[in-house]
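Following: one structure in C-alpha cells, then a few remarks.
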Amino acid sequence: MEFTGVYHKTSEQMSYPLDEDRLIVNIKTGYDVKQVFIHYGDPYEAGILGGNEKWTGKREEIIYKKRLPHQIWWTTTLFPEYKRCKYYFELRTEKEVWYYFEDGFLTEEQLQMDGRMQQCFIVPWMNPADINRTPAWVNDTIWYQIFPDRFCNGTPEKNGNDITPWRNHGTVTNQEKFGGNLEGIRQRLQYLQKLGITGIYLNPIMEAESNHKYDTTDYTKIDPAFGDEETMKALCREAHEKGIRIMVDAVFNHCGRKFAPWMDVLEHGKDSRYADWFMIEDWEEIGKRADTRDRRFYSFAFADTMPKLNTNNEEVIEYFCKVCEEWIQKFDIDGIRFDVGNEVSHRFLKRMREHLKTIKPDIYLLGEIWHDASQWLQGDEYDSVMNYPLLSGIHDFFLDKTMKKEEFEYMVNRCYTMYMQQNNDVLFNLLDSHDTERLMNRFHNLDKFYQQLAILFTLPGSPCIYYGTEIAIEGAHDPDCRRCMPWSEIESKENQEKIAMMRKLIMLRRNEEMCRSPHFHFPDTYKNDRCVEYIKLDEEGNKIEVLLNASEEEIAYKDFTLSVKKAGTSGNTIDPLKTSVRLWMTDDYKIKAVISDTVTADDKKEERCEKRLELEAAHSSESETVTVAGDDGDSDDDDSYTITTTTIITTIRWQNGTIEKELLQDDK
C-alpha cells in the first residue's frame, strides 16, 4: 500500500461536528486503496479507558469519495449516540488490508494481538459551544457587488466641479470621481430585486480621501460624497423590505493618512497616545513621503498613504468592535467583509466575532483571503472567505486548452475539501471583483462567459456577481475594472437579452435546491477530454446535471426519459412504439410534458390521445392518471395510464448563444 498517501487527523476539516448530532469524518488515501471501512463507537463502550476490556466498534464502509490529483478524499457522516467517538480505519487495496490508527498502520495479526494498546482516533466531546456555526441565510443569497462611485449617481443636480461626467464607455482611473452614491443605489433597488438579487455587498462607504475609500479617514461617518446616515438607513431599510441583505466593507488592516490617530502620531511621534496603534520601526523617518520598502513603518502593500494598524493592541480591538457595533445598531447591516482579512490578527478576529455574534447572532463575517484560509475558519473567526481559489481555477481551465476535465474536477474538489461543510455552504463565490479583470474581458467570448456563470450558480456556496456583469461589461485590471454602469443604455435590446439570461441563471439557483446543495460528483460519462460533467443532488436525491463543452468539438448529449406505465400494473411500460413524450422548460421554470399514446379499443380501432401534464419542477415526484376513452363511449372500455416523473436529470444547455429550454423532444 502507498502509505505516504494516507492522512487523517481529528481536527480542522478532517474530523468535525456538523451540528449537535452529526460528525463528519474524512480521510485521504492513495489511488491504490479501493475500499475504506471505519470501525467506530463510543470510547467507553467496553469500559473506561485503560481497562482490560477489548474495544471493537461498529464496522461501516465509507462509500463517498472525491478525486484529487494524487489522492482520494473519502468522507462519511457518523451519528455518535453519546456525542463522543472513537474510531480507526480499515484500508483495502487489491491485495492488502491495513488498519490505520493514530500512531500508524497495523496488520490483521497485529490488530488481533492480545494486550495491544490500540491508539484509536478520538473525538472526546461534540461540545455545542465549539461547533462551527455559520448563518443559514447566506446559502440562499445571490450577492451583487457595488463599487459606489461607479454604480449610479442618484443626485446629479448636486454635482460639484470635482465630479467627472458619467462615462458609459471607455477606461477610468483612480483619480476620477463620477458621483455614484447611496441614493443612486437606493433608486436602483427595484432593478436589483427584479434581477433576482437578495444581497448587496458594498465597497467601503466611510469617509476617505480616494474614490475607492480604502484609505479611511473616519470609520464613524458616511463619506459625504456618498450621502449621510439617513440615506444609509433608508437604503438598508428599503433593501430589507425587498428581501435584500446588506454587507459593508471594513478596512481594519490599515487606515488613511488623515485618520485622526495617525495624524496625532505624525505630530507627536513616540509620545503620541496612539503610538502603539500602528507598526512603526523608524520614528525618525516616519514623516517621509515614499513607499514603505524601507520598513520605517508597515502599511498596506508599500503604500505610505495607508499605514498598517496594530490589531494586537487592546485599544484598537475595542475601538473597532465599537465601530462595528454602531454600524449594526444604526443601519441594521447583515454582513461585514474584512479587507485584507489575512493580515488582521487572530486575536482581533476572535474578539470581534464574539462581540458581534452576541449583538446579532446571524451576522455574516467574511474575510478577504486569496489562498487556503483553513486557520481562519475554525468557527471562532470568519464564517467564510472570498473563494478566489475557485475563481482562479475556473479561469485557468478556460484559458489553458491543454487542461483536461479531470483537472477541472481536481480543482473543484480541492476547493471543497479545504474547509468544513458549514463553511463551504456559505463560501463567497465570485468570478470577478473590483480587484480583478472583469469576467467578459478575459476571453471576449459570450459562450465562455456564460459557461463560467453556469458553474458559479451551480456550485456550493453563495454566488456573487459584480455590478455590470449582467450586461457583460468589460474592463481590464484595477482601476479599469471599475467602469461606470451605463444606465442610459440599459434598455437596449442587447442589454435586455443579457439581463434576461442572467435572471434565468439567478432564478434557477434560487428555485432549485440542487443548485445550492453541497452534494455533487463527476460521473465522467462523456469521452471528450474537455467536456466537464457534474451532477448536483439535494437531500432527497433529486438531480441536476451540468454539462460544459469547453472543447472545439460538437458533443451529442444524453437525454432523460419519463416513466410512463399502465395503471394497476407492476412495471409493464407502455409500448414505446406507440408512446411519445415531449418535455420542455417554460420561461417561469416550470417543466411541461406532453404524452401522446396510441391505444386500442374493443373494436381494434386505434385512437390517438394527448394528455398535457404540467409539473412544478424537473425534480418533481408527481403522478397523474390519464384516462383514454374507447370509441364506443362505454367507460368499461377505458384504459387508464399513470404518468410519473421521478428523479429526472435535468440538462440545461448553452448552445449557439441561447439557453435551450426544450430539454427533451419525441423521446421514444
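What the table shows:
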| read-out | value |
| --- | --- |
| Boolean, LEU111 is of a type outside the set (Lys, Arg), open to solvent by less than 20 Å² (accessible area, probe 1.4 Å) and more than 24 Å from LEU18 (Cβ to Cβ) | yes |
| Number of the condition not met by GLY30 [criteria: (1) in contact with a Pro (Cβ under 9 Å, 6 or more places away or on another chain); (2) open to solvent by less than 30 Å² (accessible area, probe 1.4 Å); (3) under 25 Å from PRO518 (Cα atoms); (4) not aliphatic (A, V, I, L, M)] | (1) |
| Residues being assigned to a strand (DSSP E or B) and open to solvent by 50 Å² or more (accessible area, probe 1.4 Å) - total across the stretch 84-96 | 1 |
| Residue, most open to solvent (accessible area, probe 1.4 Å), within the stretch 274-288, restricted to residues that are more than 19 Å from SER345 (Cα to Cα) and in a loop (DSSP other than H, G, I, E, B) | LYS288 |
| Test: residue in the stretch 319-327 that is under 26 Å from the mean Cα position of the chain (by Cα) and open to solvent by 10 Å² or more (accessible area, probe 1.4 Å) | yes |
| Condition check for GLY243: surrounded by fewer than 22 Cβ atoms within 10 Å (Cβ to Cβ), closer than 28 Å to VAL385 by Cβ and either modelled with pLDDT of 95 or more or of a type in the set (S, T, N, Q) (or both) | yes |
| Search result, residues across the stretch 417-435 that are among the charged types (D, E, K, R) and within 30 Å of ASP19 (Cβ to Cβ) | ASP425 |
| Every residue from the stretch 480-497 that is buried (at least 20 other Cβ atoms within 10 Å of the Cβ) and either touching a helix residue (DSSP H, G or I) at 6+ places or on another chain (Cβ under 6 Å) or small (Gly, Ala, Ser) (or both) | ARG482, CYS484, MET485 |
| Breaking point among (1) in a loop (DSSP other than H, G, I, E, B); (2) open to solvent by 10 Å² or more (accessible area, probe 1.4 Å), for TYR382 | (2) |
| Evaluation of GLU343 against (1) open to solvent by less than 10 Å² (accessible area, probe 1.4 Å); (2) over 30 Å from ALA234 (Cβ atoms) (one fails), failing number | (1) |
| Positions within the stretch 1-27 being of a type outside the set (Lys, Arg), open to solvent by 20 Å² or more (accessible area, probe 1.4 Å), part of a loop (DSSP other than H, G, I, E, B) and closer than 22 Å to PRO80 by Cβ, in sequence order | THR10, SER11, LEU18, ASP19, GLU20, ASP21 |
| Failed item in (1) in contact (Cβ under 8 Å) with a residue 24 or more places away in the chain; (2) part of a loop (DSSP other than H, G, I, E, B); (3) open to solvent by 60 Å² or more (accessible area, probe 1.4 Å), with ARG186 passing the rest | (2) |
| Residue count, the stretch 396-405 (criterion: open to solvent by 50 Å² or more (accessible area, probe 1.4 Å) and either in contact (Cβ under 8 Å) with a residue 60 or more places away in the chain or among the basic types (Lys, Arg) (or both)) | 2 |
| Residue within the stretch 233-240 that is outside any loop (DSSP other than H, G, I, E, B), of a type in the set (A, V, I, L, M), open to solvent by 10 Å² or more (accessible area, probe 1.4 Å) and within 30 Å of ALA500 (Cα to Cα) present | yes |
| Only one of ARG442, ARG438, ARG414 that is within 30 Å of ASP21 (Cβ to Cβ), among the charged types (D, E, K, R) and either modelled with pLDDT of 95 or more or open to solvent by less than 20 Å² (accessible area, probe 1.4 Å) (or both) | ARG414 |
| Every pair of residues 6+ apart whose Cβ atoms lie under 7 Å, when the first sits in the stretch 85-107 and is in contact (Cβ under 8 Å) with a residue 40 or more places away in the chain while the second is part of a strand (DSSP E or B) and of a type in the set (S, T, N, Q) | LEU91/THR29; ARG92/GLN35 |
| Which numbered condition GLU230 fails, given (1) in contact (Cβ under 8 Å) with a residue 24 or more places away in the chain; (2) open to solvent by 40 Å² or more (accessible area, probe 1.4 Å) | (1) |
| Filter result for the condition that a residue is in a loop (DSSP other than H, G, I, E, B) and open to solvent by less than 30 Å² (accessible area, probe 1.4 Å), over ASP294, ASP304, ASP249 | ASP304 |
| Considering residues of the stretch 531-551 that are more than 22 Å from the chain's Cα centre (by Cα) and open to solvent by 20 Å² or more (accessible area, probe 1.4 Å) only, the residue farthest from ASN424 (Cα to Cα) | SER551 |
| Residue check, ILE465 within 29 Å of GLN421 (Cα to Cα), modelled with pLDDT of 95 or more and in contact with a Gly (Cβ under 7 Å, 6 or more places away or on another chain) | no |
| Members of the stretch 1-58 found to be in contact with a His (Cβ under 6 Å, 6 or more places away or on another chain) and at pLDDT 95 or above, listed by number | MET14, ILE27 |
| Filter result for the condition that a residue is in a loop (DSSP other than H, G, I, E, B), open to solvent by less than 30 Å² (accessible area, probe 1.4 Å), in contact (Cβ under 8 Å) with a residue 60 or more places away in the chain and more than 28 Å from GLY461 (Cα to Cα), over GLY180, GLY154, GLY256 | GLY180 |
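Matching residues to (1) more than 24 Å from GLY367 (Cβ to Cβ); (2) small (Gly, Ala, Ser); (3) outside any loop (DSSP other than H, G, I, E, B):
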{"site": "THR220", "(1), (2), (3)": "no, no, yes"}
{"site": "GLY243", "(1), (2), (3)": "yes, yes, no"}
{"site": "MET263", "(1), (2), (3)": "yes, no, yes"}
{"site": "ALA290", "(1), (2), (3)": "yes, yes, no"}
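Yes/no matrix, rows are residues, columns are (1) out of contact with any Asp or Glu (no Cβ under 7 Å at 6 or more places or on another chain); (2) surrounded by 20 or more Cβ atoms within 10 Å (Cβ to Cβ):
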residue	(1), (2)
LYS350	no, no
PRO361	yes, no
GLU407	yes, no
GLN422	yes, yes
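The values are calculated or read from the model by the stated rules, or taken from the named source; none is laboratory data. The shown structure was predicted, so the numbers you read here are calculated from the model rather than taken from an experiment. Neighbour counts are summed over all protein chains in view; Cβ atoms, including those assigned to glycine, are modelled from backbone coordinates with ideal geometry. What goes into the accessible areas is simple: the full protein's heavy atoms, side chains included, and nothing from ligands, DNA or RNA. Shrake-Rupley method; radii C 1.70, N 1.55, O 1.52, S 1.80 Å.
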